[in-house]
Amino acid sequence: MRTTLLRSFLLLALVARIADAQASITGLVHDSISHMPLVGAEVQLVPADNPAMLGHTATSDSLGRFTLSNVPKGRYALGFLHPMLDSLGVDVPPREVFVDDARSVRADLAIPSGGKLRTAICGRNTTQDSVGVVVGFVRDARTAAPVAGVAVTGEWLELTFKTGGFVRRVPRLVATTGDNGWFAMCNVPSGGTMSMVATQGADSTGVVDVQIPGDGFIRRDLYLGRAQTILVEDMKVRTDTAARSPRRIHVGDARVTGTVVAAVGGKALAGAVVGISDGPQTRADDRGEWTLTNAPAGTRTLEVRALGYYPVRRVINVVSAGPPLRLALSTMKAVLDTVKISATRTYDRSMIDFEKRRKSGLGKYLTADDVARHRPVVTSDLFRLVPGVYVDRSPIGETMLSVRGMFTERCSPSVYIDDHYMWDMTADALDDYVKPDKIAGIEIYNGTMVPPQFQPGLSGCGSIVIWTK
């Protein structure tokens, strides 16, 4: 009888213990920066009173889901590990979870939002929506090893309206990487564009543009590389232009390859011009393939143009054994058709503003009557008549527009068509898509007099604004 009773007690204790061990913890791991599930996070559960004790682990699936099974009753600390956390340079504190008689407990985890990360990194004094933070690692382009002591510089344009007009200011911030190559640059403009460059001795990156999102947080890793500065004759001078100085470009011994295709249909764009900003250029072959054999290593800006297609500008990392790049270009017609649809609704207002600016005398202006009087064959012929504007042929055969800049003798102006910024538009492309008889007005500004709405960045190179009928 006693033996039977003892066995019954042992069986009940075992059943109770098994029941205690059947609780589970389920949840989702979310990336609040990209607003996507976080895949591959290593979720860890340890006793709250003994974090060193080996606990339960699980890995989040393609939907960010995880399950921890057979968890005994108790108080726990629940956290996760992921390469994204390492790249952000932040630690997410674990959350406390209680497991009682319930068989399932729901507990979600997340990478904090951009605003919370900004506050955690930069402090409480940066909680206003107008400021942001850029974080990242600086690595060696050859070895991918983090580099300490690198100066990361950021600049952006600020415009303040005062009596007499707009006042331009270029704030400048410098952050230095730590021993692990990590940096944080606080108090940058949220929702705006800034330029960044990293330097250490003879190694550097190119100057790259960074778009700060509205939540004020972005990660931008940079790669340092060695570049050599050489002088090249940038343009063949025509008889109707002034002589110009050789241009400085940056070259190196790195290699970048890729293809250029049409965004619709995937047709190879033979003859497309591919180059590093302020660096070497080449043309794509009949298969759309291209190779830059003398590219400077590190983070650089790649520029791609093809006649009839809207240019592409992309920040790339020129590193050892980097994969080939595939670049897809939309047709210029598709872009300009969109511009014309939106411009039709605002034509009257735009021309009223054009007349106001023309009376201000801040730039040079051509009306439709001026255009008709000069009888240009193509639109770029008009600029041959304007002092300080040059129409030149490049070494690879493109016809380019250039103006006198604030910081350089010659540079490429920003071009706007019907209030739409047309990045890196050549004279050839302009002639192809804007016919002289369709021009309602032209505005030409040098680098110091550009109205703020026609000032896309820090180039100081002036702008050409064209309005069509």
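Only the coordinates and a few stated rules stand behind these numbers; no lab work does. Quick caveat: nothing in here was measured; it's all calculated off a predicted structure. All Cβ positions, even for glycine, are placed from backbone atoms using ideal geometry, and neighbour counts span all protein chains on display.
Remarks
- Per principal axis, descending, Cα span of region 114-226 in whole Å: 52, 32, 18
- Ranked list, fewest to most other Cβ atoms within 10 Å of each Cβ, for L28, L54: L54, L28
- Exposure proxy ranking, count of Cβ atoms within 10 Å, fewest first, for T426, T153, T229: T229, T153, T426
- Protection proxy ranking, peptides 177-190, 298-311, 261-274, average beta carbon neighbours within 10 Å, highest first: 298-311, 177-190, 261-274
- Over 25 Å between alpha carbons, listed pairs K333/K438; K333/K469; K364/K438; K333/K359; K333/K356; K73/K116: K333/K359; K333/K356; K73/K116
- Highest mean first, the peptides 432-444, 82-94 sorted by other C-beta atoms within 10 Å per residue fall in the order 432-444, 82-94.
- Antiparallel DSSP beta bridges within region 114-226, percent to nearest 5: 85
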